[in-house]
1. Near the amide H of Cys112, under 5 Å away, which other amide H atoms are found, from residues 5 or more places off or on another chain, if H is placed in the peptide plane?
2. Most fluctuating residue of Phe226, Phe93, Phe207 in a GNM of the chain with Cα springs under 10 Å: which is it?
3. Taking the beta-carbon count within 10 Å as an exposure proxy, list Asp92, Asp71, Asp184 from fewest neighbours to most.
4. So what's the back-of-envelope 222 nm ellipticity for the chain, counting only DSSP H runs of four-plus at -39500 (n - 2.57) apiece and dividing by all residues, rounded to 500?
5. Over the chain, with a Gaussian network built from C-alpha contacts below 10 Å, which listed residue (Phe142, Phe247, Phe57) shows the highest mean-square fluctuation?
6. Which value, in debye to the nearest 20, describes the size of the charge dipole of the range 174-249 about its Cα centre when Lys and Arg Cβ atoms bear +1, Asp and Glu Cβ atoms bear -1, and nothing else is charged?
7. With θ set to phi - 60° and the Karplus curve 6.51 cos²θ - 1.76 cosθ + 1.60, what are the ³J(HN,Hα) couplings of the range 256-263 in order, to the nearest whole Hz, using x for Gly and Pro?
8. What is the set of long-range amide H partners of Ala65 at a cut-off below 5 Å, with H atoms built 1.01 Å from backbone N?
Amino acid sequence: MEINYQETSKDLLTRIDIHEKYGSANIDVWTNELLQPKAGMQILDVGCGAGKLSFLFDDYTNRQASITGGDFSDELLDKARTKNKERGSNIDFQFLDFNKPFNFADDTFDLCTSAFAIYYAADLKFTFGEAHRVLKPGGRLFVSGPLPENKQMFYDIIKEATNATIPPMPGSSRFKGDIFNTIDSIFAKTELHKFENHLTFPEVAPFIEYVRASLSEDRKLWTSMFNGKDEYEALIGKIQAVAQKWFDRDGKLVMTKVVGGILATK
């Protein structure tokens, strides 16, 4: 029986929950301070997932902005729509495949955002070109994702546990290079902003929970380290042993999330 190692919405939401529970800084505050969305704005969130950023902007603007959230996952869109209804919000959540033409007219939006998603696009020039097209003149694109120095402890522990090379991650390995340069070539003005969040784990168990959710996120990329469920569990066991050694030595595990925010103006 073939085991399908693709990210589930549960893994994504697990990581978000761990960031909020053990983190020292709030990425939502950073995002709002950087973007300052305003009442009356037309906002598009690409790869909206379960709606985290859309709801953030909805709250910040006192529900006075027109917000559209688009995602490829029906499962996550269902979660977003359910929460939308519970909140009494009026966000438009719809299917959006960012590898295909966006189903919006030219010059529609004041702000187009994508948190930890759009950098998985197959053709960056096409996808960011579509973002540029649907933005009004003077409109802004905001793309967030991991920088190369992101969660260094996580990778160091895995390296020590496996004595193997970490496969290149599509986000962190491309963010300062391909992604920034592609956006910079399309937009009139491009800036890189940085956010750091120190996650302090008071025990090993939640760190291993994070490891599982992270390996699930990019399992196709981690195939050089395991093949199938038994090898996966053996890998987790090795990582847990090293994490416990580090914890016994330091009394805690501190992993720093280092996020980049590319802010571009049309």
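1. Result for Cys112 returns Leu44, Arg140, Leu141, Phe142.
2. Residue with maximal mean-square fluctuation among Phe226, Phe93, Phe207: Phe226.
3. Numbers: Asp92 13, Asp71 25, Asp184 16.
By the 10 Å Cβ count, ascending, the order reads Asp92, Asp184, Asp71.
4. Numbers: 9 runs with 111 residues, N = 266.
For the chain, the value works out to -13000 deg cm²/dmol.
5. Checking each option, the largest mean-square fluctuation is seen for Phe247.
6. Details: 11 positive and 12 negative charges, 29 e Å.
Rounded to the nearest 20 debye, it is 140 debye.
7. 9, 7, 10, 10, x, x, 8, 10
8. Amide H neighbours of Ala65, under 5 Å, 5+ apart: Gly40.
Each value in this text was obtained by applying a stated rule to the coordinates, not by laboratory testing. None of these values were measured; they are calculated from a predicted model. Note that we place each Cβ from the backbone using ideal geometry, even for glycine, and neighbour counts take in every protein chain shown.
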